[in-house]
Amino acid sequence: MWKLPDGSVISKPKRVTIGNVEYGPEMFYTWTIQEMNALGIYPYREVQYNGEYYTSTGVTEEVVAGEVIATHSTEPTYTVSGIREVRKAQAKMMAWDTLHPFDWYVIRKYEVDLPLPQDVSDYRAAVRTAVVNVESAVNAINDYAELVAYNISLPTYSG
């Protein structure tokens, strides 16, 4: 991406007019950064932020080594108690996703009284226990950034 002298940002090379001079898109491939900088054109890079848990409150641009770097100011999207609930809900959804393929065993047990294979039963119990452990761990964290960074990990089936 490039920032043009008029303040606009383009994502792919195109014909541009600066002053009264028109430049073809090939300039973005063949000119040096210094040559483009002399015209007021700068490579543009936006520092990404976690938009799932943070909201952008503005963008600050700074020219560093001939490149415009745009950095977002952010604030948390949730309160600490809110992010706790989100993370616990994510753990439960992950558990549902991992247990769902084995639900037919439970239905079969209920409908025709055939036993669950022991490895499936053990796996399902391990996933449920892991979710309880995640909920306990999340409830013990009081720092927003730590809650965002917390790695929710559930067992995988190896049977």
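Against the set [x] 15.5, 51; [y] 26.2, 83; [z] 18.8, 76, the structure's computed Rg and Dmax of the Cα atoms in Å falls on [y]. Between Thr74 and residues 5 or more places away or on another chain, which pairs have amide H atoms under 5 Å apart, with H built 1.01 Å from N, and which residues are they? Amide H to amide H, under 5 Å and 5 or more residues apart or across chains, Thr74 pairs with Thr57.
Counting 0.36 nm for each residue step from Val59 to Ser11 and taking away their Cα separation leaves a gain of 15.5 nm.
Taking the longest Cα principal axis of the chain as reference, the axis of helix 118-140 is set at about 60 degrees. Near Ser56: Cβ cut-off under 15 Å, other residues only, Lys/Arg at +1 and Asp/Glu at -1. The net charge is -4.
Across region 2-76, the relative contact order, built from alpha-carbon pairs under 8 Å that are at least six residues apart, equals 26 percent. A straight Cα-to-Cα reach below 14 Å connects Lys14 with the aspartates and glutamates Glu22, Glu26, residues fewer than 8 places away in its own chain not being considered. Between the Cα long axis of helix 103-112 and the first principal axis of the chain there is an angle of about 20°, rounded to the nearest 10. Within straight cross-link reach of Lys12, meaning Cα distance under 28 Å, which lysines are found once same-chain residues fewer than 8 apart are removed? Straight-line reach from Lys12, under 28 Å: Lys3.
Take 109-115, 30-36 and order them by the average number of nearby Cβ atoms within 10 Å per residue, most first; the result is 30-36, 109-115.
Descending by average beta-carbon neighbour count within 10 Å, the peptides 55-62, 10-17, 37-44 line up as 37-44, 10-17, 55-62, the highest first.
Which net charge results for the neighbourhood of Ser158, defined as the other residues with beta-carbon distances under 12 angstrom from its beta-carbon, given Lys and Arg at +1 and Asp and Glu at -1? Counting the neighbours of Ser158, the net charge comes to -2.
For Lys88, no lysines have a Cα closer than 22 Å to its Cα, not counting residues fewer than 8 places off in the same chain.
Every number here is computed from the coordinates shown, using simple stated rules; none is lab data. A quick note: this is a predicted structure, and the numbers were derived from the prediction, not measured. Counting neighbours? That spans all protein chains shown, and the Cβs are built from the backbone with ideal geometry, glycine included.
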